[in-house]
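Here's the structure we're looking at; comments come further down.
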Amino acid sequence: MRSEETADHQIETTESDHSLSKVPYNERKMGWLSITNITFGIATAIFYFQIGSVMALQFGAINALISAAYAIVVAGVMGTVIVYLSARSGMNVNLMSRGGGFGYIGASLTSLIYASNFIMYCALEGMILVFAVHEFFPVIPVWLLIVVFGTLVIPLNWFGIKQLDKLQKWSLPIFFIFLFAAITVSFMTPSQYDAPFWTYMPEGMQIGGTALLLCIGMQHGIVGLTALIASDYARFLKPEHIKGGSFAIGFIPQIFCYGVMGGLGIWFGVRLNEPNPGVYIVHLLGIGGALFTMLTQVRINVTNIYSSSLSLSNFFENVVKFTPGRRFWVVVAGVIAMILMLGGITDHLDAALTFQGVFLMSWAAILVTDFVVVKRMMKIGPGHYEERQEYLYKWNPVGVWSLIISSLLGTIAALGYMGTFLQSTAAFFAALLAAVLTIVIASMTKGRYYLKTEVKDVDERDILVKTK
Ligand SMILES: O=c1cc[nH]c(=O)[nH]1
């Protein structure tokens with residue numbers, strides 16, 4: 001087994017993390033339901049209520065619903081392809097990017113930005129939890145709650161994927177009990193809006209046009225992330241579950257995030273005339289609302305820390321050969337998130353998150369285009385994903401230039417320097433641009449930078465496309 005050949009890889013094998021190498025076939029034992037269950041840890045975050053409620057109250061419920069449908073399709077299609085690639089290769093997007101168009105240093109940069117994204121989200125989600133609890137127990141100082149809840153996610157990540165699976169499995173039924181309670185109480189609470197909720201439209205807004213574009217612009221901050229994230233778990237999928245499982249893992253959680261949670265967010269928001277779920281859930285369920293928030297936020301933050309630890313492991317192995325093991329990075333990610341919360345930085349992350357929304361969607365688009373168009377249709381580059389440094393160039397211009405150009409232009413557009421239309425659709429256009437650039441640069445370089453030397457020990461099962 002290749003992953004046992006070096007000392008680093010032995011550490012991983014004993015921890016079952018495989019943060020630095022692909023998951024060997026004899027450890028791809030998880031069924032599609034278990035993996036979908038883990039990704040529901042992300043999908044059940046009240047963050048998605050908030051997106052739905054804010055969109056509906058600012059731009060109208062029908063625009064929010066159309067935008068949710070758009071997010072389901074875009075994240076679902078990209079997510080399904082990425083899950084398929086992860087399950088076939090045994091790699092997450094960090095590893096896959098090395099041989100999937102970026103080179104090993106190129107892939108380190110994507111890993112670093114990806115890790116920073118999860119750490120920021122961990123801090124943002126952590127603050128939602130801290131404020132919900134502080135609301136009920138104002139005597140407990142905020143800094144203490146930050147330290148307690150910031151520390152809690154570290155041991156919950158200690159034993160990797162199996163622990164995550166158990167945690168998400170046991171907490172999901174409790175989540176649904178709270179959710180049904182909130183819906184029931186909401187029905188019993190007089191609505192602030194008398195007509196059917198989907199007819200809600202604030203003054204000066206209309207169906208479609210700028211209002212719809214602004215909703216789509218809000219969704220773009222997160223669509224790329226939800227398409228990419230399942231790859232951390234799908235690499236453990238049993239090979240016999242790949243066919244139907246790729247769709248289940250790649251698509252169903254998107255329906256839940258944007259459709260169910262987002263849809264309920266629209267409904268709650270309009271009914272209660274309140275955009276902040278931290279306020280309305282507590283209003284509906286009292287202390288139960290604080291417990292519900294605690295549950296959803298712990299569920300999402302264990303996945304945030306898990307994904308950041310994998311990405312940090314990748315970055316530091318690739319760039320400085322520092323391989324202390326994934327648990328070390330769990331602690332680092334947890335501590336940085338706490339520092340962000342304690343420093344009050346979470347109120348100033350807007351520009352960083354705008355850039356990351358564009359960046360992540362472009363990255364997902366490059367991985368999908370590299371596989372579907374470059375490898376499958378144009379037969380350029382190797383037919384398998386290589387992750388070992390000795391076979392790779394540091395940089396592959398295909399992914400690296402496509403990502404740099406599209407992310408830069410996309411961010412400039414998203415910040416409003418190219419007009420309103422491009423501001424709201426920036427991530428989409430960056431992703432389209434990234435896809436086109438991937439094809440153009442791959443055909444210009446004729447796949448030269450995918451592999452430094454020929455790989456002679458490729459397992460037949462790892463070949464995704466016959467390129468020769
Ligand atoms: O992956 C995600 C998505 C939304 N919010 C998070 O905290 N993490």
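Every number in this text was worked out from the coordinates using simple rules, so none of it is lab data. What you see is a predicted model, and the numbers here were worked out from it, not measured in a lab. All Cβ positions, glycine included, derive from the backbone under ideal geometry; neighbour counts span all protein chains shown.
The sum of -39500 (n - 2.57) across all DSSP H runs of n ≥ 4, divided by the residue count of the chain, sets its helix-only mean residue ellipticity at 222 nm to -22500 deg cm²/dmol. Seen against the Cα atoms of the chain and their longest principal axis, helix 32-43 is set at about 50 degrees.
Going by neighbour counts of Cβ atoms within 10 Å, the residues ILE305, ILE146, ILE339, ILE249 line up, fewest first, as ILE339, ILE146, ILE305, ILE249.
Pairs of Lys residues in the range 34-355 are counted when their Cα atoms are under 30 angstrom apart and they lie 8 or more places apart or on different chains; the count is 7.
Restriction of the trypsin sites (Lys or Arg not before Pro) in the range 416-465 to DSSP coil positions whose beta-carbon has at most 12 other beta-carbons within 10 angstrom yields LYS446, LYS456. Listed by Cβ neighbour count within 10 Å, with the fewest neighbours leading, HIS134, HIS220 appear as HIS134, HIS220.
What Kirkwood hydrodynamic radius do you get for the chain when you take the inverse of the mean 1/r over all pairs of distinct Cα atoms, in Å? Across the chain, the inverse of the average 1/r is 22.4 Å. Taking packing as the residue-averaged number of other Cβ atoms within 10 angstrom, the listed peptides 226-232, 265-271 run from highest to lowest as 226-232, 265-271. In plain terms, the chain is cut at each of the GluC sites (Glu not before Pro) found in a DSSP loop with at most 16 other Cβ atoms within 10 Å, and the longest leftover piece is 204-453. The angle separating the long axis of helix 47-59 from the principal Cα axis of greatest extent in the chain is about 60 degrees. Across the range 430-439, coupling constants 3J(HN,Hα) worked out from phi with the 6.51/-1.76/1.60 Karplus curve, θ = phi - 60°, read 5, 5, 4, 4, 4, 5, 5, 4, 4, 5 Hz, and Gly and Pro carry x.
Only the Cβ atoms of Lys and Arg (+1) and of Asp and Glu (-1) were treated as charged; on that basis the dipole of the chain about its Cα centre amounts to roughly 1180 debye.
Test of the criteria: in the range 299-380, which chymotrypsin sites (Phe, Trp or Tyr not before Pro) are in a DSSP loop and have at most 15 other Cβ atoms within 10 angstrom of their Cβ?
Here the sparse-neighbourhood loop sites are PHE322.
Across the range 172-189, coupling constants 3J(HN,Hα) worked out from phi with the 6.51/-1.76/1.60 Karplus curve, θ = phi - 60°, read 4, x, 5, 4, 5, 4, 4, 4, 5, 4, 5, 5, 4, 5, 4, 4, 7, 8 Hz, and Gly and Pro carry x. The range 204-253 and the range 404-438 have Cα centres lying 19 Å from one another.
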